[in-house]
1. Looking at 100, 108, which is the one that is crowded, with 17+ Cβ neighbours inside 10 Å and not polar (S, T, N, Q)?
2. Which of the strands (runs of 3 or more DSSP E) found entirely inside the range 132-239 contain at least 1 residues meeting this: touching an Asp or Glu at 6+ places or on another chain (Cβ under 8 Å) and at pLDDT 95 or above?
3. Does the range 68-82 contain at least one residue that is out of contact with any strand residue (DSSP E or B) (no Cβ under 7 Å at 6 or more places or on another chain), buried (at least 21 other Cβ atoms within 10 Å of the Cβ) and not in a strand (DSSP E or B)?
4. Take the residues in the range 86-97 that are crowded, with 23+ Cβ neighbours inside 10 Å and among the hydrophobic types (A, V, I, L, M, F, W, C), then tell me which one is nearest to residue 130 (Cα to Cα).
Amino acid sequence: MTKKSFNQNIKFEKDLASTFEPDFTYNNRPINRFDTSKKDNTQNILSKTEKLLELKKQIFSIENCNLKNNSKNLILGNGNIDSPIMIIGETPGAEDDISGLAFQGEVGKLLKKMLAAINIDIKNIYLTYSVNFRPHEDRKPTAQEIKRYSIFLKKHISIISPKIIVLMGSTAMESITGLNSKISNERGNWKEIIIKDETYPLMITFNPSYLIRFPENKKFSWEDLKKIRQKINELNIKI
């Protein structure tokens, strides 16, 4: 089968710039003739689900937190928990807080277009935020708040265990890397983060909500997206 050339996505490029139970299968071996890979995968997903529920309990048990006290819902994450790609945004918005899901509304629609531009269905991605509660009046979280929730976020990453992490926005960048410089100075270059002896490649880029306010920067996000697609191909990731 011949893979589609990435250069065939010219239309997507223009659109983005302008808008922005396990089954057994036989194999040939005389011993261990059944392939239990699907069963193993199901068990892995069940294990992740249990760990995520425990993580949610830990986050919800936080005390004396203005973010928690002024929010309707705890937004942990949604999407494919077995995805090789984990996207981490900044903080939940009003529609997220109501629904209990990440990347809703116009922000989610734009993210869906951005991923489609590199031939990725948003349903195949795992989505979360660096802070799990919506800040009152959508203010930026304080450095103390970011640091407090980064502990849970790093546990979150270890549970999902993605092949690639995409950090969208300065809050996500600060939460994972500790950097508090301008995101325009850090975006577009591959970095690495080590969590529990595991190394994860990560890309820093603009958050969709920022691109809605400043659409002139979509051209930079497109460059970042192409690098993400290239890394996916290099690592032979199926997504």
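The values are calculated or read from the model by the stated rules, or taken from the named source; none is laboratory data. Since we're looking at a predicted model, the values are computed, not measured. Here Cβ is always computed from backbone atoms with ideal geometry, including for glycine, and neighbour counts include all displayed protein chains.
1. So the residue among 100, 108 that is crowded, with 17+ Cβ neighbours inside 10 Å and not polar (S, T, N, Q) is 108.
2. 164-168, 198-205
3. No, that holds for no residue.
4. Ranking the candidates gives 88 first.
So that you can scan it fast, the table gives a plain yes or no per residue for (1) among the acidic types (Asp, Glu); (2) modelled with pLDDT under 95; (3) not in a helix (DSSP H, G or I):
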{"residue": "86", "(1), (2), (3)": "no, no, yes"}
{"residue": "95", "(1), (2), (3)": "yes, no, no"}
{"residue": "101", "(1), (2), (3)": "no, no, yes"}
{"residue": "108", "(1), (2), (3)": "no, no, no"}
{"residue": "111", "(1), (2), (3)": "no, no, no"}
{"residue": "114", "(1), (2), (3)": "no, no, no"}
{"residue": "118", "(1), (2), (3)": "no, no, yes"}
{"residue": "123", "(1), (2), (3)": "no, no, no"}
{"residue": "128", "(1), (2), (3)": "no, no, yes"}
